[in-house]
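The values are calculated or read from the model by the stated rules, or taken from the named source; none is laboratory data. Just so you know, these numbers come straight off a predicted model, no measurement behind them. Cβ coordinates were reconstructed from backbone atoms using ideal geometry, including for glycine residues, and neighbour counts include every protein chain displayed.
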Amino acid sequence: MHKRILIAALLAATALAACGGGGGSGGGGYAPPSGGSATPTPGPTAAPTAAPTVAPLAVGVALPTTGIGSLADPTFGQIGGYTQTTYSQTLAFPVGSTITVSNLSAATPHTLDVVGTAGFPANPTLTTTASGGGMSATYASGNINGGQSVSIALPTAGTYYFGCAYHYLSAPQMRDVIQVSNTATPGPQATPNPGAGGGGGGCVGIYC
């Protein structure tokens with residue numbers, strides 16, 4: 001008889017323990033340690049977004065008004081729309097180089113048409129058809145659609161004035177100078193175009 005009572009008591013104690021412990025929605029779950037709330041550990045801080053930088057032996061092309069800017073170069077006058085760094089500048093590469101010219105715009109086509117070797121003509125004839133195998137006084141890249149690239153060999157030293165067939169006469173003009181020389185260096189960069197980079201016209205980053 002006493003043995004049955006003892007077993008019944010043990011079963012009742014086990015049942016009570018099972019009801020009080022579990023962590024379900026009925027209470028009796030995990031209790032946080034006392035002493036105030038814990039301070040959350042901060043997550044990683046996002047790095048600031050920087051303007052894209054063009055790779056070596058490469059030229060980036062974009063409308064000056066979308067962030068790449070334009071400037072009055074102290075040697076060659078008003079230029080804009082082409083860079084070998086980040087913002088518009090005159091270009092310089094060693095003789096014998098082959099450069100990659102990339103359209104940084106998402107949907108706007110551009111070209112690189114040489115217009116002379118002695119300055120920018122007021123109203124040149126420009127084409128969207130490719131001509132010339134390498135940089136020369138008559139070179140034309142042909143149409144470069146958004147996100148596409150062309151390669152240009154630079155076999156002969158010289159200073160070449162060029163522009164975009166679509167935007168040479170626009171304001172600000174899309175035109176520039178490339179010096180093919182073993183001693184020349186790229187010109188100073190433009191100031192970024194105010195307000196570009198996400199605000200208007202569906203621009204993303206500094207190029208659109």
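Quick check on the stretch 136-145: of everything there that is out of contact with any Pro (no Cβ under 9 Å at 6 or more places or on another chain) and part of a loop (DSSP other than H, G, I, E, B), which residue is surrounded by the fewest Cβ atoms within 10 Å (Cβ to Cβ)?
That would be Thr138.
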(request) Output the residues belonging to the stretch 99-135 that are under 22 Å from Tyr87 (Cβ atoms), more than 20 Å from the chain's Cα centre (by Cα) and either at pLDDT below 95 or not in a strand (DSSP E or B) (or both). (result) Leu112, Phe120
(request) Could you tell me whether the stretch 181-193 includes any residue that is assigned to a strand (DSSP E or B), surrounded by 16 or more Cβ atoms within 10 Å (Cβ to Cβ) and of a type outside the set (D, E, K, R)? (result) no
(message) Restricting to the stretch 170-180, give me the number of residues that are within 14 Å of Thr65 (Cα to Cα) and either hydroxyl-bearing (Ser, Thr, Tyr) or surrounded by fewer than 24 Cβ atoms within 10 Å (Cβ to Cβ) (or both).
(response) 4
(request) Identify the residue in the stretch 54-80 that is of a type in the set (Gly, Ala, Ser) and outside any loop (DSSP other than H, G, I, E, B) and, among all such residues, is nearest to Leu169 (Cα to Cα). (result) Gly80
(request) For Ala72, indicate whether it is under 21 Å from Gly116 (Cα atoms), touching a strand residue (DSSP E or B) at 6+ places or on another chain (Cβ under 6 Å) and free of Cβ contacts under 8 Å to residues at least 24 places away in the same chain. (result) yes
(request) Mind listing whichever residues of the stretch 77-93 are farther than 15 Å from Pro56 by Cα and within 20 Å of the chain's Cα centre (by Cα)? (result) Gly80, Gly81, Ser88
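To keep it simple, each residue is scored yes or no on (1) of a type outside the set (A, V, I, L, M, F, W, C); (2) touching a Gly at 6+ places or on another chain (Cβ under 6 Å).
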site	(1), (2)
Ser131	yes, no
Met135	no, no
Ser141	yes, no
Gly146	yes, no
Ala153	no, yes
Thr156	yes, no
